[in-house]
1. Considering only segment 223-279, how many residues are in a loop (DSSP other than H, G, I, E, B) and either more than 27 Å from S97 (Cα to Cα) or in contact with a His (Cβ under 9 Å, 6 or more places away or on another chain) (or both)?
2. Search segment 176-191 for residues that are within 15 Å of G115 (Cβ to Cβ) and pair each with any residue that is surrounded by 14 or more Cβ atoms within 10 Å (Cβ to Cβ) and among the small types (G, A, S) when their beta-carbon atoms are under 7 Å apart and the residues are at least 6 apart or on different chains.
3. Pull up segment 174-197, narrow it to residues that are part of a helix (DSSP H, G or I) and in contact with a Pro (Cβ under 9 Å, 6 or more places away or on another chain), then point me to the one that is surrounded by the fewest Cβ atoms within 10 Å (Cβ to Cβ).
4. Quick one: in segment 50-79, which of the residues that are surrounded by fewer than 20 Cβ atoms within 10 Å (Cβ to Cβ) and either closer than 14 Å to G322 by Cβ or aromatic (F, W, Y) (or both) is modelled with the lowest pLDDT?
5. I'd like to check something: does segment 298-307 contain any residue that is of a type outside the set (D, E, K, R), surrounded by fewer than 17 Cβ atoms within 10 Å (Cβ to Cβ), touching a residue at least 40 places away in the same chain (Cβ under 8 Å) and not in a helix (DSSP H, G or I)?
6. Inside segment 20-78, counting only helices (runs of 4 or more DSSP H) that do not spill past its ends, which hold 3 or more residues that are hydrophobic (A, V, I, L, M, F, W, C) and more than 15 Å from R147 (Cα to Cα)?
7. Going by the structure shown, is A180 within 25 Å of D105 (Cα to Cα) and among the small types (G, A, S)?
8. Determine whether A88 is within 24 Å of V153 (Cα to Cα) and modelled with pLDDT of 95 or more.
Amino acid sequence: MAGSNTQALEASSSRPMPPRAAPAIALLLLAPIVAEVLFGVTHVTTLFILIPQIGTWGCGALVIQSLIRRRRRGWKALLMLGIAFAIAEECVIQQTSLAPLVGTDPNRVYGRLLGVNWVYLLWALGYESVWAVALPIQLVELIFPARRHDPWVGRRGLSIAAVAFVFASLVAWYSWTQVARPKVFHVPAYHPPLLAILIALAAIVILSVAALGLRPSPGPGRQRARRPPPPWRAGLSVFALGLPWFALVALAYGAAPALSPGVPLVGGLVLAGLAAFLADSWSAGASWLDMHRFAVICGALAASMLAGFQVSGTVLLIDYIGKLILNGIAVLLLARLCRTLRSRASA
C-alpha cells in the first residue's frame, strides 16, 4: 500500500504544472458558462454574446477571487461580495430588477412595488452570487488545488480585470437597456429613478466594506463537533434546496398570479437561511473534504441545469438540443473531475 501511494505521488509530481494564468483563464470562462450557458439563458444560437459576458461575469468573479484571497477571507466574505456583484448587475448595469420584466404585462408585474421586482430580485441575488461567483470559484479551486489559497492575478492583473469589468458593464448596460429592450423586445425604454441607483450603489459599498472587514478565515484546521454528512447526501441536500429556488423566477414571470408575493419572498429567505446554516456548519471542520465540495457543486449545477429547461422550453429546437448536449458534456467533465479527485485523495 505504501509503495502504491509513493508511486502515485511520484506520478503526480512528474506531471507538468499548469501555466500560472490557467486558473484565471478558467474562471473567466467558467463564470459565464455556468451562469448563462449551462442554465440555458444563453443559447447555442447566441453563443457570440459569451464574449462580453466574460467581461462582466468572468472579470467580476476574478476580481472577487483576488480580493478574497489577498485578504484571506472565507466563504461568508465571498458570498457578501457575490451579493454586491448581483446588486450591481440587477440594479445598476442591466437594471433587470428595476425595470418591468420583459415578456410580462408592464402594468401587472408580479411582486413589483416601489419600482422594484422584489421576487425576481431575490432570485437574482441568490443565483448570481452563488451560481455566477461562488460555484465557479470553488470549481476552479478543485481543478487547480495548488493555487487554491492564492490570488489568481497580481495587482496589475487585478487592475486590468477591474477596468475590463467596468467597460464590459457599460457595453452590457447600453446593449440591454438602450438596444435590446426597445428595438428587439419592443418595450419602452425604462429609466430608473436616480434614488434607486444611489441606494444600490450604497448597498454595494456597504457589503464590500463589510466583507473585506471580516476576520481572516481560520483555515481548515478549525474543528467542530458537528461532522458533515457523506458527500452524496450533501450534494443531494443542495439539489433539494437549489431546485425550489428557481420557482422564484417562474413566479416572478407570472406562473401563479393569485399567490401573494409575500409567500415566495418569505419562502426564499427561509431557503437561503437554511443553506447558509448548512454551509457554515458543514464546512467548519477538517472533515469537510474536496469530495464534499465537489458534491455540493454537482448538486447546485444539477438544479440549475434541470430548472433551465423551463427557460429553454419556448426557444428554437436547435437551442433546446444544444442545451441538452452542453449539459451532457458538463456531466461528463464533472465525472472526469470526480475520478481525478478520488485519485488525488488516494494518493
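The values are calculated or read from the model by the stated rules, or taken from the named source; none is laboratory data. As the structure is a prediction and not an experimental result, all values here were calculated from the model. For neighbour counting, all protein chains shown are included, and Cβ atoms are generated from backbone atoms with ideal geometry for every residue, glycine included.
1. Qualifying residue count, segment 223-279: 8.
2. Final answer for the pair search is Y190/A99.
3. Among those that are part of a helix (DSSP H, G or I) and in contact with a Pro (Cβ under 9 Å, 6 or more places away or on another chain), it is P182.
4. So, considering only residues that are surrounded by fewer than 20 Cβ atoms within 10 Å (Cβ to Cβ) and either closer than 14 Å to G322 by Cβ or aromatic (F, W, Y) (or both), the one modelled with the lowest pLDDT is W75.
5. As a first pass, look at segment 298-307 and keep what is of a type outside the set (D, E, K, R): 298-307.
Narrowing further to those that are surrounded by fewer than 17 Cβ atoms within 10 Å (Cβ to Cβ): 306.
Those left that are additionally touching a residue at least 40 places away in the same chain (Cβ under 8 Å): 306.
After this cut, where a residue has to be not in a helix (DSSP H, G or I) as well, the list is none.
No, segment 298-307 contains no residue that is of a type outside the set (D, E, K, R), surrounded by fewer than 17 Cβ atoms within 10 Å (Cβ to Cβ), touching a residue at least 40 places away in the same chain (Cβ under 8 Å) and not in a helix (DSSP H, G or I).
6. Numbers: elements: 22-32, 50-53, 59-70.
Answer list for segment 20-78: 22-32, 59-70.
7. Spelling it out, A180 is indeed within 25 Å of D105 (Cα to Cα) and among the small types (G, A, S).
8. Details: within 24 Å of V153 (Cα to Cα): yes; modelled with pLDDT of 95 or more: yes.
The answer is yes for A88.
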